[in-house]
Amino acid sequence: MSKTPKTLPQLQKISKLPVPETDSLDEDIQKYMKLCEEKLGLVPNVIRAKALRQESLRTFISKYNQLMLSEDTGLSRLEREMIAVVVSCHNHCVYCITSHGQAVRELSEDPVFGDILMTNYRELNLSERHRAMLDFSWKMTSEPWHIGDEDRDSLYKVGFSHEDVYDITDTVAYFNYTNRMTHGLGMLPNENYFGMNRLPDTSVDKSTS
């Protein structure tokens, strides 16, 4: 008889701060959570945790949608998710590495690429465009006071426009913010993310042999 899956011990809590009950939230927030369930199959823990301050959550959702889902940019969705992972890798943000690492696996259709990116992007065979983009993202996260004209020029040389450089900078800045919020609130990622978009199981099913 199969056992009912249990939440892994490391993921028992969404946040170290109180997480409001869904039915106590404003109607628009409840509706957004329901939409997440329908589209993603889950409500991201970051949404539940940030619902403690609903106006802040509304701002977070609006900025995320504009930054990560808009088509009014020269950056692909995969490129924006790659930036999110590299920034979060530098900041050791478990939540964002896990959730956006899953997005990279899904969008790239390459779980190996996604997992190496989560660990050390320099080990990947990247295009000049992506190498420059991620080097800029790492430097802007690790030592932003050293960013100068030569760093922006490195992006222009591989084809990024002024608007693209703005969007790269905006994405890096946003995820440095969300990483720090995640650390401060003690947020942990949804268990689902860990198993999504992995390599298929090619082991032989001995029960049928």
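Before moving on, here are some points about what is shown:
- The GluC sites (Glu not before Pro) of region 33-82 that meet both conditions, a loop assignment by DSSP and at most 12 other Cβ atoms within 10 Å of the site Cβ, are GLU71.
- Whether region 151-201 is rounded, prolate or oblate, judged on the alpha carbon gyration tensor where a/c under 1.5 counts as rounded: oblate
- Across region 73-79, rounded Karplus estimates of 3J(HN,Hα) from the backbone phi angles (6.51 cos²θ - 1.76 cosθ + 1.60, θ = phi - 60°) give 7, x, 9, 6, 4, 4, 4 Hz, Gly and Pro being marked x.
- In loop segments of region 105-147 as defined by DSSP, the GluC sites (Glu not before Pro) with at most 14 further C-beta atoms inside 10 Å of their C-beta are GLU109.
- Entries in LYS39/LYS139; LYS16/LYS139; LYS63/LYS157; LYS39/LYS157; LYS13/LYS139; LYS34/LYS63 that, when Cα-Cα distance is taken, lie over 27 Å: LYS39/LYS139; LYS16/LYS139; LYS63/LYS157; LYS39/LYS157; LYS13/LYS139
- Reference-scaled alpha-carbon Rg (2.2 N^0.38 Å with N residues) for region 18-69: 1.06
- Nearest 10 degrees, 0 to 90: helix 94-108 Cα axis against the chain principal axis: 80
- Computed from backbone phi with θ = phi - 60° and the Karplus coefficients 6.51, -1.76 and 1.60, the 3J(HN,Hα) list for region 32-38 is 5, 4, 5, 5, 4, 4, 5 Hz; x is used for glycine and proline.
- A simple rule links phi to the HN-Hα coupling: the Karplus curve 6.51 cos²θ - 1.76 cosθ + 1.60 with θ = phi - 60°, which for region 165-173 gives 4, 4, 5, 4, 4, 4, 5, 4, 5 Hz, with x for Gly and Pro.
- 0 to 90° range, to nearest 10: angle between helix 128-142 axis and the chain longest Cα axis: 80
- By the Cβ rule of 4.7 Å, the chain holds the following cysteines without a possible disulfide partner: CYS36, CYS89.
- Largest to smallest principal axis extent of the C-alpha atoms in region 79-209, angstrom: 64, 36, 22
Here, each number is a calculation from the coordinates, and none is a lab measurement. Quantities reported herein were computed from a predicted structural model and do not represent experimental measurements. When we count neighbours, we look across all protein chains shown, and the Cβ atoms used for this are built from the backbone with ideal geometry, even at glycine.
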